[in-house]
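Everything on this sheet refers to the single structure shown next.
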Amino acid sequence: MAALSSPLRVCRGILKELRAIQGPTYKRSQAYNYIMEQFRKNKVTGERYCRAQQELNHDSHTYLCLLASTRTHMALHELYHSKGEASTKSAAAMVGLRLPTQPGGKGWEK
């Protein structure tokens, strides 16, 4: 199993994603209160091995990954799918290609 980030780093990451979703009023939301309550309730103790602590750390890391992936997906969706039907030329330009031109100058190309 790969090493997980520290709980503090994961908590900060989740709060960063929450701030990106809800804006500057995120501290007044129920999600903020719940996240902070859970992280405070499950602080690391002096135990040598705590399976529940590791499970909660893994769950919080998974939730952070979900939030970041959802935000990235929505940004990509807005970038590529919000414009409706694209012309062939604009679709080719979107992926970094150019349409071929007719060689020899037949007179009909621009």
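Where a number appears in this text, it was derived from the coordinates with a stated rule and is not lab data. Just so we're clear, the structure is a prediction, and the values are computed from it rather than from any experiment. In this analysis, Cβ positions are derived from the backbone assuming ideal geometry, glycine residues included, and neighbour counts consider all displayed protein chains.
Annotations for the structure displayed:
- Backbone geometry of segment 73-79 corresponds, through the Karplus equation with coefficients 6.51, -1.76 and 1.60 at θ = phi - 60°, to 3J(HN,Hα) couplings of 4, 5, 5, 5, 4, 5, 5 Hz, x marking Gly and Pro.
- Hypothetical label at Thr25: residues of segment 63-90 whose amide nitrogen lies under 17 Å (7 Å Cα-Cβ projection): none
- HN-Hα J in Hz across segment 16-32 - Karplus 6.51, -1.76, 1.60, θ = phi - 60°, x for Gly and Pro: 5, 5, 4, 5, 5, 7, 9, x, x, 8, 5, 6, 9, 8, 5, 5, 4
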